[in-house]
Amino acid sequence: MNRLETTTSTNEPTPPAQAGVAVDTSLPTGDALTARYLLQLADDALIYAQRLGEWVANAPQIEEDMALANVSLDLLGQARVLLTRAGELDGTGRTEDDLAYFRDEREFRNVHLVEQPLGDFADEMARMLVFAAYQAQLYAALVDSAEPTLAGVAAKAVKEVDYHRDHATQWVLRLGDGTSESHERMQAALTRVMPYVAELFADDPVSVAAADSGVGVLPSSLQEAAWRHVEATVEGATLTMPDEPRHRTRGGRDGIHSRPMGYLLAEMQHVARSHPGATW
Amino acid sequence: MVSAVDVAPAAGEARSPVDDRLAAAVEQAIRDVPDPEIPVLTLDDLGIVREVRVDADSGTVDVTLTPTYSGCPATEVIAGDVARAITRHGLRPRVVTRLAPPWTTDWMSERGRIRLREFGIAPPAPGVATRGSRVQGLSLSVRQVACPRCGSESTEQIARFGSTPCKALRRCLDCREPFDEFKPL
């Protein structure tokens, strides 16, 4: 806990934009603010759903193909409702498909954690453990959101995320307390996921404003409970919490992404963009 | 909260006014629509039909459904099936989905649980709705589930996620048969 606290105790300043690329960091108000907040939550779910889908036919066993696809499907379902509502509230009249398929990289507001390409299976379980531990606390808090659609999604999702978190937990326990090979690889995976953790619990301006208005929740307020679960799991798995990471990602909430994001979007969006308006 | 779901418009002119018998028949037809993934269950067995309102003057039938899982692909198929059941009665369908309160396996009917067991799927344990939105501990995968074939409680989990989001895969340690479990949610 202490380790993480030191990394996220202050708001990270917005990183400077690359030369010649304008980044919109202005803060909207009212419905537009709610829409921006929903977009952040939706993009985390949508992009992680896309990554998890890549495991299908690549997981170590067929049961895992199904499990990861099912987790992906839950996240996609959350994203669809949140995107639809964001499009209604932001005044642009965009549909869930417009928002998923026709936004460019700089308009996506997800954290770096979810956009990272697949590593080995231990990497995925480390990522899922962290993300599901975060989402479990997030949605538990958002059942009381002043935005009724978000409260509805949260009440539904909190029960689904329980199963995601349980799935990752059981695997981390098994791999950590397994063979020396699986133990080492699970330990290495935990070390690799650490640089992406702080961003998840950082209080970005949109979340702060959304929390003020009763729509959202401060990410930093979720950290302690989420991390308690992660640490208990790591300990139960005979693993050790990695040292504080030497670097930490940031900028996802401002639309600044890592290199793999462009490739992910190319794959996710190319059919919709090649055949705009196509229907089954 | 309510969000509209696109459904095909009614074919032809709506018949109006609607007498009580037609209203009852169309409601029954809606409740009897089979689940596309587990056809032994009707929508009524699943407990996802929250409201049916027949407007006698306009011939419009408003149906409110609550999805089982956020991303369940059957949700859209079900909305389409419901709309078709209504148009078959010459009425105009309007299907909306309602997320809150969230669906729980506690809404499943007793008949639904029996049919699931007969179909070879262990029904969900009742009483989970009370846990509400509390975040659970680590014990989700150590449930005691009876084998739907021989009734033995000596069973083990093979996979936490089965062929659909709502199911897990288990194996009976007595009769050795693998079976699906409908997960409590």
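The values are calculated or read from the model by the stated rules, or taken from the named source; none is laboratory data. Treat the numbers as computed from the prediction; the structure is a model and nothing was measured. Cβ: placed from backbone, ideal geometry, glycine included. Neighbour counts: every protein chain shown. Please note that ligands, DNA and RNA were not included when accessible areas were found on the heavy atoms of the full protein model with its side chains. Shrake-Rupley method; radii C 1.70, N 1.55, O 1.52, S 1.80 Å.
Taking the alpha carbon gyration tensor of the stretch A:29-274, multiplying each eigenvalue by 5 and rooting it gives semi-axes of 29, 20, 16 Å, largest first.
Angle of helix A:30-53 to the longest C-alpha principal axis of chain A, folded into 0 to 90 degrees and rounded to 10: 40°.
Over all directions, how big on average is the projection of the convex hull of the alpha-carbon atoms in the protein assembly as shown, in square nanometres?
That works out to 23.9 nm².
In this simple spin-label approximation, B:Ser163 and A:Thr240 carry label points 7 Å from Cα along the Cα→Cβ vector, and these lie 4.7 nm apart.
Note on chain A: GNM, Cα springs under 10 Å; of A:Pro60, A:Pro117, A:Pro242, the largest mean-square fluctuation is that of A:Pro60.
Summarise the partner chain shielding of B:73-85 as one whole number: the mean count of Cβ atoms from other chains within 10 Å of each residue's Cβ.
Working: counts 3, 0, 1, 0, 0, 0, 0, 0, 0, 0, 0, 0, 0.
Mean number of neighbouring Cβ atoms from other chains: 0.
Partner shielding of A:64-72 amounts to 4, given as the average count of beta-carbon atoms from other chains within 10 Å of each residue beta-carbon. Evaluated over the Cα positions of the stretch A:117-193, the convex hull gives a direction-averaged projected area, one quarter of its surface, of 5.4 nm². The convex hull around the C-alpha trace of the stretch A:221-280, projected and averaged over every direction, spans 8.1 square nanometres. Here's how it looks for B:Glu177: its modeled amide H is under 5 Å from those of B:Cys172, which are all 5 or more places away or on a different chain.
Peptide packing: for A:98-105, B:178-185, the average count of neighbouring Cβ atoms within 10 Å per residue gives the ranking B:178-185, A:98-105, highest mean first.
The calculated FRET efficiency for the pair A:Thr279 and B:Arg149, based on their C-beta separation and a Förster distance of 30 Å, comes to about 0.10. Of all DSSP bridge pairs formed entirely within the protein assembly as shown, close to 70 percent run antiparallel. Label zone (A:Thr191, point 7 Å along Cα-to-C-beta; backbone nitrogen cut-off 18 Å) within the stretch A:114-132: A:119-127.
Quick check on the stretch A:71-182: take the gyration tensor over C-alpha atoms, sort the square-rooted eigenvalues as a ≥ b ≥ c, and tell me if it's rounded (a/c under 1.5), prolate or oblate.
Oblate, because a/c is 1.5 or more while a/b does not exceed b/c.
Between A:Glu181 and B:Arg21, the simple label model (points 7 Å from Cα in the Cβ direction) yields a spacing of 7.3 nm. The angle separating the long axis of helix A:62-89 from the principal Cα axis of greatest extent in chain A is about 30 degrees.
The A:Asp120 and A:Ala266 beta-carbon pair, evaluated with R₀ = 41 Å, returns a calculated FRET efficiency of approximately 0.95.
Let me check I've understood the local charge: for A:Ser182, count other residues with C-beta under 11 angstrom from its C-beta, Lys and Arg +1, Asp and Glu -1. What total comes out? Write out the running numbers ahead of the final one.
Numbers: positive: A:Arg174, A:Arg185; negative: A:Asp120, A:Asp177, A:Glu181, A:Glu184.
Once all neighbours under 11 Å are counted, the net charge is -2.
Length gained on full extension, A:Asp97 to A:Ile62, computed as 0.36 nm times the residue gap minus the Cα-Cα distance: 9.6 nm.
Extension gain, B:Glu118-B:Glu177: 0.36 nm per intervening residue step, less the Cα-Cα distance, totals 19.8 nm. Against the longest principal axis of chain A, how steep is helix A:259-274, in degrees 0 to 90 to the nearest 10, with axes from Cα atoms? Between helix and principal axis, roughly 50 degrees.
When A:His112, A:His270 are compared by accessible surface with a 1.4 Å probe, the order from highest to lowest is A:His270, A:His112. For A:Val208 and B:Val96, a Förster radius of 35 Å and the Cβ-Cβ distance give a FRET efficiency of 0.55, rounded to the nearest 0.05.
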